[in-house]
Each structure stands twice: as C-alpha cells, then as structure tokens.
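See below for the structure under consideration.
The values are calculated or read from the model by the stated rules, or taken from the named source; none is laboratory data. These numbers were taken from a predicted model, which means no experiment stands behind them. Because the Cβ atoms are built from the backbone with ideal geometry, glycine has one as well, and the counts that use them run over all protein chains shown.
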Amino acid sequence: MYILPEIFISLSTLILLLLASFSKKINQKDMAYFSLFIIFFAQFFILKDIFYYEEIFNGFFIVDSFSSFMKLLILICAGLIVYFYIIVKNPVSLNRPEFPILILFALVGMMLMVSANNFLSLFMSIELQSLTLYILVSFSRKDSFSSEAGVKYFIIGSLSTCIFLFGTSLIYGLVGSVSFESISIFMSEQLTMPTFLIVGLIFILVSISLKISAAPFHMWTPDVYQGAPTLVTTLLSTIPKIAAFGVLIRLLVYPFSEITIDWGKILIILSITSMLVGSLGALLQSDLKRLMAYSTINHIGFMLMGLIPGTEDGITAICIYIIFYVTMNLGIFLFILNMNRDQINVSSIKDLSGLYKSQPLMATFMAILLFSMAGIPPMAGFIGKLIILNLVIDNNLFYLAIIAVLTSVIAAFYYIRLIKCIFFDQPQDELDIISNNQSKYLLGFFATFNVIVIFVPQFFLDLCSSVTLSLFALN
Amino acid sequence: MNIIAFYIISSITVLSCLSVVFSSNPVHSVLFLIFTFFNVSILFLLSNAEFLAMTLIIVYVGAVAVLFLFVVMMLNINEVLIKEGFLKYFPFGFILITIFLLELFFVFKDITLKNTSSSKMNISELLNKGNTNTESIGMFLYTDFFIVFQISGFLLLVAMIGAIVLAKNENLNIKSQKIIYQKSLDKKRVIKLK
C-alpha cells in the first residue's frame, strides 16, 4: 500500500492521456484542472502514511518519513506550478493538453527518485524524470531558443547518465550488488576503505551535481533557464532540485555513511565553487531568467554546505533551506511570468524599472522576495542561511563560513540592484498592470510567508528534524 | 582457450572503438561501431549469455546502427568543420585524459573484483537448475525486477509522447469550419450595430 501515491498518479495520468487523445471537447485548461485534482489527492495518500517505514518491491524502493516529506514538498510545488499554468497567460505553444500530462510524468519520476533504495531503480527513475524535462524544455519548438536549450539539456543530461552508469558499474564490480543495503553492509565490513569505491562515488556525485547544477557542473544552467519557456524554467528551478537533493542526501547518508570525510572534501569544493560562480556570474547579467539561474547555483552551494558534516542537524538545515528557497523562487518566477509589455512576455532587468510607480503593491511584494533571497534579516532567506552557517561554524569549518558570508554579500549586490531598479529608476516603458487577481493573491501569499517565518522558526525546525530522524534510524 | 579468445576479442573491441572516434569519415565510424557491437556480442557468448548476445545484435546492429547510418547519410556532415577545433582543444584534453587514465590505473591496480553476486538475485543458480538462458532472464525480469520493468515501460511511453509533441505539426491557423461552434453562435453577439 505504501507506493500508492505513485501508482495513483501514474494510473490517472494514463487515463488523462486517453481523455486527451479521444475527447475533442477537453482543452488544455481542463487537463490542467484534472491534474491539479490528481496532485491534490495524491497528497492525502502521502499524509496518511507519513510516519511509516517500509522497504517495498524487493528493496527497490523505500518509504520513510524523509521520502514522504520530500514527495509532499514536490507535490505541493508541482500543484502550484500547474496552478500557475492555469492562471497565467501562456505563450500559444504551451497550449497543448500534453503539457500538464508531461508534468505529471515528471512528477512520478521524481517521487520514485526520492524513495529509490537501489541504484537500478534510482537510475530508471532519474531517466524518467529527465526525459520528461528534456521534452518540456523544448516544448515551444518553433522558438529557436527553446529548441537550443532542449538540445543542450539533452546532451548534458545524457552525459550525466553515462557518468552515473559508469560509477554504478564500478561500485557493482566491487560490492557485487547495487542495492543500498548491501553497499552499506559491505562498507561496514571493510577495515580500510578501498579507493575503488570512492572513485565510483565520485562519478555518481558528478552526475548528481550535473542534475542540481552545482559548479563546476553548472554550464548548462543559464542557457537552459533562459531558453526554456518561463513556466518550464519555474519547474526546472524548483522540483528537480528538491528531488535531486533528496537522492543526494539519501545516497550520502545511508550507503556511504562510513566515508563521510571523503565525500565531505568533495562537497566542500563543490559548495565553494558554486557559491563563487553563483555570486560572481550574476553580476553582469541583464536577463532576469539568467540571473535567477546564477542565483540558483548560489543557493545550491549554500545547501551543499549543510550536507558536509553528514549529521542530522545538517539534513534538517537543508530541508528548511529547501522550503524557503522554493517559496522565494516560486514567488519571483510568478512575477516574471506576469511581466508583460503590450501582451508580450518580457524578462529583462531594465523592464523592471519604475515598477513602484505603476504597481506599488506588486513592487513591495517583489522587494520582500528579493530581500529574502539576499538574506536580509527579518525574511525567511535569512533564517535558512543562519541555520546553515551556524551548523558550519559548529563543525569548525570557519573558512567555509567566511567564504559563504562574503559570497552572499556579493550576491546581495545584484538582488539589491534589482530593488533599486524597481523603486528608484525612471520608467522608460511601463509594464502592463497585472490583471489577474489570483497571481496578485499568490504573490502576496509568498511575500507574507517570507515575512512571518521569523515568528515561527521553531515550527519548521521541529517539522524538519522529525522528518530527518528516519534517515538515521537505519544506521 | 576461453581466456585467450577473450583477450583477442576484447583487444579488437578496444581497437575498433578507437577507430569509431578517430576515423574521419562518419560512415566509417558507424561501420566500426557495428563491428564493435559484434565483438561485444561475441564477448557475451564467451560468458554463456546467448540471449544478451543475440539481443545486442538484433537491437543495436539491426535497429540503432542502421538508424545512425541513415542519419549520417542524410545530414551530409562537413568533415572540415568537425576537425576545426581539434588542435585548439587537444593539449588540454590530452592532459586531462592522461591524468584520468593514470588515476584509474592506480585504482584498478590492486583490486579484486567479486565474481559472484552476493545478493539473492543470482542468475547462475537458475541456470544450474537447467533453465535456458532466455527463461532465466525472463524469470528475473518479471518477478524480482518487475517494478524496474514497469518504469522502463513508462519511459518508453514518455519517449513516444515526446516524439509526437516535438514532431507533430499542429496547424492552428488552418481555416476550417467548426460545426459545433457555428451552430452554437448567438445572432445577437455576432452582429453589431453602430
């Protein structure tokens, strides 16, 4: 019964697919409503079993509260994105019934990803997720940018797949099995860790870094984010990152827990380069979507920092950071989705200038979200950064904390440049006023969420620490 | 006998792989690729995996490589353009490859690979019981591995949807009558008097 949400979603997706191909009367908006309904119901299936622990399908998948929590987060995000699809005026190329269906397929892949307990099932679910995302990125195929982004993403993704398989084959050669459990048992039996295993782990880490776009494996991110349709960029910057982080956390904490020091060194390099690239690369960007790509890289660096000690507190900090990051990102992308001039979607930074004069409320919401991204004290982003920095200092990694603070100061520069653009620049050509009320309310919701978190940080801490407990029950 | 055959075939495989990368004519590359697949299937035969060997020939040589050949012939690839950046990237790439190979060499030097599977999923056990190769693979695929099998089915479905989405030309601007729409028209909404 435990894999019920995935089965539910996949079966209803198949039914939706039949509906889409045989019924002429149903358009893409109805499909989106149906998928919203499916996502909503799947959440109840997860909530029902959130504290269960069970290995299912011959140990191919595992259901524990960590995976349930990640699935819930993924489902909520996906639900919001499908809702964005309904309320926002989309480009014509997205108006096809396949779009929500493909999102649902990606959802199944990502939900299986976070509960995979075997390299084989992990590989298959990563493939299901990424194949769907390649299609979504190149969805507006008449647009040359979108096709280019699709091809780039596809090539990088295939490379990542190859590297993943090579690493898995090395580990299989040594251990004789690909299930996480036997790898864990094998490692606890060894007196000295064979380098072979670490080499295999490095390959897998590289592959997952390509998925979460941690520098130096970030090169595809800005191009793909800019080229893809904005709604797909919203999807790319939130859900796959959550899923890949879920995989990374389970992989490093469960089967490879014995070599924490070895992968900790790799993660230190990854996080330092990500933070540097993310903060320095964004300085000269003029496109909002490109800027958000670098901002994602910067945030990924911060999140990786929490994983370095490999302790329960670290995972809790990452979970909290992911929640806040997702709300900030969804809010800012909702605004970018609504940035139109004369009915045409624009996304350059210059277009923001003088927003305060035409739409003061929206400008304030945007400013709150941007301050939160920069980590200015009363907002949610600050709490996330504080918890992670606190953890890093507790583990005596002072140089890492110094680099993190310095890079977030640099990153604050470009967020605050956007705010200066919104409030003080003279408007040259005003944006269309956001007409749909749902977008306004949602934007307001994201902004208020970022403000009120400071009053209830304990709630998030308790939630995340109760969830991460299940990961460490195994060892 | 077996081990000598293995060494001969595997060295031929490596050589033909290298010629896939280094041959200047793309058609030659594809032909060498087919040769590589044949050699690998012989390697499978040497390790008593007839089913895998035959599948490799049918799927890769019969379908994939032929598709490759078609694409290569249709694209009319300019050889000069491909070779253009070679000298520029060669030194850096060579250094990286050398470092990587040396690292792998040191790692592989003192290692003993396990030749028996430690998990309960052991195919040689089934073979010893007198099942044929295909039978035992089927037994695994549809029992222990059935969830992976299902997911791969989903993967194929997604690939199919993707091909249709990306290739089907949906002409939205076509001027045709929609009967339902025309019948449901209201006279008062269409005709305007100013």
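Scanning the stretch A:129-168 for residues that are of a type in the set (D, E, K, R) and part of a helix (DSSP H, G or I) turns up A:Glu148, A:Lys152.
Among residues of the stretch A:450-472 that are closer than 20 Å to A:Phe245 by Cβ, those with a Cβ under 6 angstrom from a residue that is charged (D, E, K, R), sequence gap 6+ or separate chain, pair up as A:Thr468/A:Glu312; A:Ser470/A:Asp64; A:Phe472/A:Glu312. Only a single item in (1) in contact with a helix residue (DSSP H, G or I) (Cβ under 7 Å, 6 or more places away or on another chain); (2) within 15 Å of A:Thr230 (Cβ to Cβ); (3) hydrophobic (A, V, I, L, M, F, W, C) is not met by A:Val346, and it is number (1). When residues in the stretch A:1-20 are screened for being hydrophobic (A, V, I, L, M, F, W, C), under 21 Å from A:Ser115 (Cβ atoms) and assigned to a helix (DSSP H, G or I), 6 of them pass.
Please tell me if A:Asp287 is closer than 25 Å to A:Ser470 by Cβ, touching a residue at least 60 places away in the same chain (Cβ under 8 Å) and surrounded by fewer than 23 Cβ atoms within 10 Å (Cβ to Cβ). In short, no. Quick one: would you say A:Asp313 is in contact with a strand residue (DSSP E or B) (Cβ under 8 Å, 6 or more places away or on another chain) and assigned to a helix (DSSP H, G or I)? Here the answer is no, as A:Asp313 does not meet what is asked. Scan the stretch A:68-88 and tell me whether some residue there is more than 30 Å from A:Lys440 (Cα to Cα), more than 9 Å from chain B (Cβ to nearest Cβ) and assigned to a loop (DSSP other than H, G, I, E, B). No, the stretch A:68-88 has no match at all. Note on the stretch A:352-377: residues that are farther than 19 Å from A:Ser295 by Cα and either in a helix (DSSP H, G or I) or basic (Lys, Arg) (or both) amount to 9.
Scanning the stretch A:1-29 for residues that are more than 22 Å from B:Gly153 (Cα to Cα) and in contact (Cβ under 8 Å) with a residue 24 or more places away in the chain returns A:Ile26, A:Asn27, A:Gln28, A:Lys29. Of the residues B:Leu56, B:Leu43, B:Leu69, B:Leu52, the single one that is among the aliphatic types (A, V, I, L, M) and either in contact with a Gly (Cβ under 8 Å, 6 or more places away or on another chain) or over 30 Å from B:Asn2 (Cβ atoms) (or both) is B:Leu69.
Those helices (runs of 4 or more DSSP H) of the stretch A:378-475 in which at least 3 residues are under 23 Å from A:Leu80 (Cβ atoms), considering only elements entirely within it, cover A:380-394, A:437-452, A:457-472. The test for being modelled with pLDDT under 95 and within 11 Å of chain B (Cβ to nearest Cβ) holds for A:Ser125.
Here the condition is being buried (at least 18 other Cβ atoms within 10 Å of the Cβ) and in contact with a strand residue (DSSP E or B) (Cβ under 7 Å, 6 or more places away or on another chain); of A:Ile56, A:Ile3, it holds for A:Ile3 alone.
The helices (runs of 4 or more DSSP H) found entirely in the stretch B:129-186 that carry 3 or more residues being within 10 Å of another protein chain (Cβ to nearest Cβ) and at pLDDT 80 or above are B:146-167. Being closer than 24 Å to A:Lys265 by Cα and either in contact with a helix residue (DSSP H, G or I) (Cβ under 9 Å, 6 or more places away or on another chain) or away from chain B (no Cβ under 12 Å) (or both) holds for only one residue in A:Phe186, A:Phe145, and it is A:Phe186.
All conditions in (1) farther than 22 Å from B:Phe70 by Cβ; (2) surrounded by fewer than 16 Cβ atoms within 10 Å (Cβ to Cβ); (3) modelled with pLDDT of 85 or more hold for B:Ser47, with the sole exception of (3).
For the stretch A:333-351, a residue qualifies if it is hydroxyl-bearing (Ser, Thr, Tyr) and outside any loop (DSSP other than H, G, I, E, B), and exactly one does: A:Ser348.
Taking the listed residues A:Ile183, A:Ile171, A:Ile101, A:Ile202, the one that is over 25 Å from B:Ala163 (Cα atoms), in a helix (DSSP H, G or I), touching a Ser or Thr at 6+ places or on another chain (Cβ under 8 Å) and hydrophobic (A, V, I, L, M, F, W, C) is A:Ile183, with no other qualifying. Checking A:Leu131, A:Leu120, A:Leu136 one by one, the residue that is under 21 Å from the mean Cα position of the chain (by Cα), farther than 25 Å from B:Phe100 by Cα, among the aliphatic types (A, V, I, L, M) and within 8 Å of chain B (Cβ to nearest Cβ) is A:Leu131 and no other. Only a single criterion out of (1) within 14 Å of chain A (Cβ to nearest Cβ); (2) modelled with pLDDT of 90 or more; (3) exposed (fewer than 11 other Cβ atoms within 10 Å of the Cβ) is not satisfied by B:Asn115, namely (2). Considering A:Leu11, A:Leu16, A:Leu47, the condition of being surrounded by fewer than 15 Cβ atoms within 10 Å (Cβ to Cβ) and modelled with pLDDT of 90 or more is satisfied by A:Leu11 alone.
Criterion first (crowded, with 19+ Cβ neighbours inside 10 Å and in contact with a Gly (Cβ under 9 Å, 6 or more places away or on another chain)) does A:Gly384 satisfy it? Considered against the rule, which asks whether it is crowded, with 19+ Cβ neighbours inside 10 Å and in contact with a Gly (Cβ under 9 Å, 6 or more places away or on another chain), A:Gly384 comes out as yes.
Based on what the data block shows, is A:Leu283 more than 20 Å from the chain's Cα centre (by Cα) and either assigned to a helix (DSSP H, G or I) or at pLDDT below 90 (or both)? Yes.
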